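S.K.: Got a structure for you, questions after.
The values are calculated or read from the model by the stated rules, or taken from the named source; none is laboratory data. From a predicted model like this one, the values you see are computed outputs, not experimental measurements. Heads up, the Cβs are rebuilt from the backbone with ideal geometry, glycines too, and the neighbour counts pull from every protein chain shown.
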Amino acid sequence: MTREQRLGSYAVAHRSAAASTCDRHWLSPFFARCASPDKTLDDHRSHAMSLLKRPSAAGYLACEVHETVVAFAEAPLRRDYVNGSNSSPVGFLEGLYVEPQYRKRGLARLLCSSVEHWAKGMGCTEFASDVVLQNEVGQRVHEAVGFNATDRVVFYLKQI
């Protein structure tokens, strides 16, 4: 872990490739509970391992003092076009989750601030994210932590 921050009894820390095997094992069940409950534990373990190994991505975890993970944020650097941005690379908030019983305590804001700091250190001048149109709670959270909406998009696909 590097650059640990605290908010009351919670610690927010960057997880990197140097994270221990133990870290990889407790990340997997956390992802399984919050991110994609339809995936297997092995799928989540694989995702956690890939996140920890990518030098151009950051994973931040908020833990209680006894090291129970209660929230996470993950962000890669995006070098492709990011809607609304004017630069490259762009730090891109790919995932943000706070367990329901820990919400409204400032953890999402602290996680986003930590990821922004990491992105600045990686040479970014912009930080972006996206939220599906139906996720009104996610939209309010993004606005509360300082994001401004830049566009609303509907994606289409046609089989050929």
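S.K.: Against the condition basic (Lys, Arg) and without any contact (Cβ under 8 Å) to a residue 40 or more places away in the chain, how does residue 109 come out, does it pass?
M.R.: Yes: the conditions hold for residue 109.
S.K.: Condition first: polar (S, T, N, Q) and either within 23 Å of residue 70 (Cα to Cα) or free of Cβ contacts under 8 Å to residues at least 24 places away in the same chain (or both). Now tell me which residues in region 128-160 satisfy that.
M.R.: Those that are polar (S, T, N, Q) and either within 23 Å of residue 70 (Cα to Cα) or free of Cβ contacts under 8 Å to residues at least 24 places away in the same chain (or both): 129, 134, 135, 139, 148, 159.
S.K.: Of all residues in region 55-91, which are of a type in the set (A, V, I, L, M), in contact with a Ser or Thr (Cβ under 7 Å, 6 or more places away or on another chain) and modelled with pLDDT under 85?
M.R.: Passing the criteria: only 65.
S.K.: Taking region 111-136, which residues are more than 14 Å from residue 75 (Cβ to Cβ) and hydrophobic (A, V, I, L, M, F, W, C)?
M.R.: Residues satisfying the conditions are 131, 132, 133.
Table: residues versus (1) modelled with pLDDT of 95 or more; (2) among the small types (Gly, Ala, Ser); (3) in contact with a Gly (Cβ under 8 Å, 6 or more places away or on another chain); (4) at positive phi.
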| site | (1), (2), (3), (4) |
| --- | --- |
| 115 | no, no, yes, no |
| 127 | yes, no, yes, no |
| 133 | no, no, no, no |
| 136 | no, no, no, no |
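S.K.: Test residue 125 against the stated conditions and say whether it is polar (S, T, N, Q), assigned to a loop (DSSP other than H, G, I, E, B) and touching a residue at least 60 places away in the same chain (Cβ under 8 Å).
M.R.: It is false that residue 125 is polar (S, T, N, Q), assigned to a loop (DSSP other than H, G, I, E, B) and touching a residue at least 60 places away in the same chain (Cβ under 8 Å).
S.K.: Now for a separate question. Can you go through 149, 108, 119, 128 and tell me which one is surrounded by fewer than 15 Cβ atoms within 10 Å (Cβ to Cβ) and among the aliphatic types (A, V, I, L, M)?
M.R.: Testing whether each residue is surrounded by fewer than 15 Cβ atoms within 10 Å (Cβ to Cβ) and among the aliphatic types (A, V, I, L, M) leaves just 149.
S.K.: Go through region 128-160 and count every residue that is among the polar types (S, T, N, Q) and not in a loop (DSSP other than H, G, I, E, B).
M.R.: Total satisfying the criteria: 2.
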